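Have a look at the structure that comes next, please.
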């Protein structure tokens, strides 16, 4: 007998409930000719598109204050003035830092593991 918890659609629905960051902009500090910045831009853009977040890109070389503050440490991702990630950006770490659900592929894997666990406990209770 399948439990309602094993429905992947219900798992997706629970994990995709709106993040608390929906009203805040993600600021990506970057600079020209920075391969890590290009990668970070793709990752932040995808997360912003997935969850309806706004994203602002700021070139650190556009002002002396930003150049002094960040130096060679780019890319930098900030929300509400707080740095959540800097340097080499990973999708997993960004979503974790922002409190966002994992990617759909990871969610599906968690759902399958949860279902297997539930089925195993149901089988043990029948013994």
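The values are calculated or read from the model by the stated rules, or taken from the named source; none is laboratory data. These numbers were taken from a predicted model, which means no experiment stands behind them. Counting neighbours? That spans all protein chains shown, and the Cβs are built from the backbone with ideal geometry, glycine included.
Does the stretch 22-35 contain any residue that is part of a loop (DSSP other than H, G, I, E, B), loosely packed, with under 13 Cβ neighbours inside 10 Å, within 12 Å of the chain's Cα centre (by Cα) and modelled with pLDDT of 65 or more?
First, pick out the residues of the stretch 22-35 that are part of a loop (DSSP other than H, G, I, E, B): 24, 31-34.
Those still in the list that are loosely packed, with under 13 Cβ neighbours inside 10 Å too: 32-33.
Still in the running and within 12 Å of the chain's Cα centre (by Cα): none.
No, the stretch 22-35 contains no residue that is part of a loop (DSSP other than H, G, I, E, B), loosely packed, with under 13 Cβ neighbours inside 10 Å, within 12 Å of the chain's Cα centre (by Cα) and modelled with pLDDT of 65 or more.
Which one is surrounded by the fewest Cβ atoms within 10 Å (Cβ to Cβ) among residues in the stretch 55-82 that are farther than 17 Å from residue 34 by Cα and at pLDDT below 90?
Ranking the candidates gives 81 first.
What residue, among those in the stretch 44-89 that are part of a loop (DSSP other than H, G, I, E, B) and more than 20 Å from the chain's Cα centre (by Cα), is farthest from residue 101 (Cα to Cα)? So that I can check it myself, show each step before the final result.
As a first pass, look at the stretch 44-89 and keep what is part of a loop (DSSP other than H, G, I, E, B): 52-53, 63, 71-75, 80-81, 87-89.
Subset that is more than 20 Å from the chain's Cα centre (by Cα): 63, 71-73.
Numbers: 63: 35, 71: 32, 72: 30, 73: 27 Å.
Top of the filtered list is 63.
Consider residue 88 against the criteria (1) surrounded by 12 or more Cβ atoms within 10 Å (Cβ to Cβ); (2) touching a helix residue (DSSP H, G or I) at 6+ places or on another chain (Cβ under 7 Å): it satisfies all of them except one. Which criterion is unmet?
So the condition that residue 88 fails would be (1).
Search the stretch 93-102 for residues being assigned to a helix (DSSP H, G or I) and in contact (Cβ under 8 Å) with a residue 12 or more places away in the chain, and hand back the single one that is nearest to residue 32 (Cα to Cα).
Looking only at the stretch 93-102, we keep the residues that are assigned to a helix (DSSP H, G or I), and these are 93-98.
From what is left, the residues that are in contact (Cβ under 8 Å) with a residue 12 or more places away in the chain are 94-95, 97-98.
On the way: 94: 22, 95: 25, 97: 25, 98: 25 Å.
The extreme case among them is 94.
Taking residue 97 as the residue in question, decide whether it is modelled with pLDDT of 85 or more, under 14 Å from residue 28 (Cβ atoms) and surrounded by 11 or more Cβ atoms within 10 Å (Cβ to Cβ).
No.
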